[in-house]
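The values are calculated or read from the model by the stated rules, or taken from the named source; none is laboratory data. Quick caveat: nothing in here was measured; it's all calculated off a predicted structure. Heads up, the Cβs are rebuilt from the backbone with ideal geometry, glycines too, and the neighbour counts pull from every protein chain shown. In case anyone asks, the SASA skips ligands and DNA or RNA and just uses the protein heavy atoms, side chains included. Shrake-Rupley method; radii C 1.70, N 1.55, O 1.52, S 1.80 Å.
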Amino acid sequence: MDFRTELTAFLRSRRARLRPEDLGVRPFGGRRRVPGLRREELADLAGVSVDYYIRLEQGRTRNVSDNVLDAVARALRLDEAERAHLGHLTRALRHPASTPPDPQPVRTGVHVLLTALDEVPAYVLGRRLDILASNKPARALFTDFDALPPGQRNAAWLLFLDPAVRGLYPDRQAWEESARATVAALRMDLGRHACDDRLCDLLGELSVRSEDFRTLWAEHHVGERAHGIERLRHPTAGELTLHRETLRLPGGDDQCLVTYAAEQDTPSRPALATLTAAVGPQHRGTANTTELRTPQQPTAHTPRKALTLNTPTATGDITDLEHMGPGGAGVLSAVDSA
């Protein structure tokens, strides 16, 4: 992964969403070739020299201080997750991390907790949004994760590449809300684990096989998916409106528990209860049964290739998809003429 290019694309995309008049900035003269703030205007807001900011945006300033990053973050109106991502990217340039170890073991106590949640679909997410463990209600609601090949037990892979999981969303808006949040979480993970080859492989496969993923990735959104509303249309339970909560597990090696619960006195509550009751008692390591939603047959394998996505603006269309040969890490690059 080329983190210099990633840093450049991220900062340019954040500049593009701001307008000088909204910030009380005196616009620099001349015809504006790109949307949003110019580098000169941002440097003035952040209180740094134009030359220094250009070197920062181009990834040529490896020892940038936290004070400067905070000033740039304030000027760009970055939220907490975006500020953290900016720090991750600059640290990745200074100190490339080694590939995180695999596998990601889930504590016995967490497995016990999953089993105890008989009426609440729940699963454990790890790095790359890998689904590490799940309970029967979650497998009945989404798909039997345990029956999938290991490479497909991933929330992003399923959302973008599994037609059955995508078909659980009642309309394009419901799916896109979940997809946009998923892409933002993947980008956050990319900054945390700079040299995770399996994450780069996943990004490469999603980019090659899903136009929707390429479009959302080019938006450069970053964020933690902590909570929200999930609207689903289940083939057995029908319409469901569920509260999705993500709970970080202490000492869990980047693991979190994700739960889906229906609000009391809503039609979703008895519908979800009917679904979870149908799967019966659950035990750790239980094999797939007919009560669980079984995965569709795997789609045709697409080789994972390194690729470059050249986008003339932060949200522009992809103009080049270059296959660099098998076995490489996915490289996502954005190019503009600011």
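Tell me, what % of the accessible area of region 146-196 is carbon and sulfur with a 1.4 angstrom probe? Before the final figure, lay out the partial values.
Numbers: 840 of 1630 Å².
With neighbouring chains kept in place, the figure for region 146-196 is 51 percent.
Efficiency by 1/(1 + (r/R0)^6): what FRET value for Asp102 and Arg19, r their Cβ-Cβ distance, R0 = 35 Å, to the nearest 0.05? Please report the intermediate quantities before stating the final value.
On the way: r = 45 Å, r/R0 = 1.27.
After rounding to 0.05, the efficiency reads 0.20.
Taking 0.36 nm per residue of separation and subtracting the Cα-Cα distance, what length does fully extending Ile229 through Arg172 add? Walk me through the intermediate numbers first.
Details: separation 57, 0.36 × 57 = 20.52 nm, distance 1.49 nm.
Residue separation times 0.36 nm, minus the Cα-Cα distance, leaves 19.0 nm.
Contour minus end-to-end for Glu80 and Asn63, with contour as 0.36 nm per residue of separation and end-to-end as the Cα-Cα distance?
Numbers: separation 17, 0.36 × 17 = 6.12 nm, distance 2.14 nm.
Gain on extension, Glu80 to Asn63, equals 4.0 nm.
From the residues Ala147, Pro103, Ala133, which one has its Cα farthest along the dipole of region 63-156 in the positive direction, the dipole being from +1 and -1 charges on Cβ of Lys/Arg and Asp/Glu about the Cα centre?
Pro103
If you average the alpha carbon positions of region 48-124 and of region 218-264, how far apart do those two centres end up, in angstrom?
20 Å
Highest mean first, what order results for 50-59, 228-237 on Cβ atoms within 10 Å?
Numbers: 50-59: 17.1, 228-237: 15.4.
The densest-packed peptide leads the list: 50-59, 228-237.
Val112 versus Tyr52, label points 7 Å from Cα toward the beta carbon: distance in nm?
5.4 nm
Using unit Cβ charges (K, R positive; D, E negative) and no other charged atoms, how large, in debye to the nearest 20, is the dipole of region 30-149 about its Cα centre? Don't skip to the answer; put the middle values down first.
Working: 18 positive and 16 negative charges, 129 e Å.
For region 30-149, the charge dipole is close to 620 debye.
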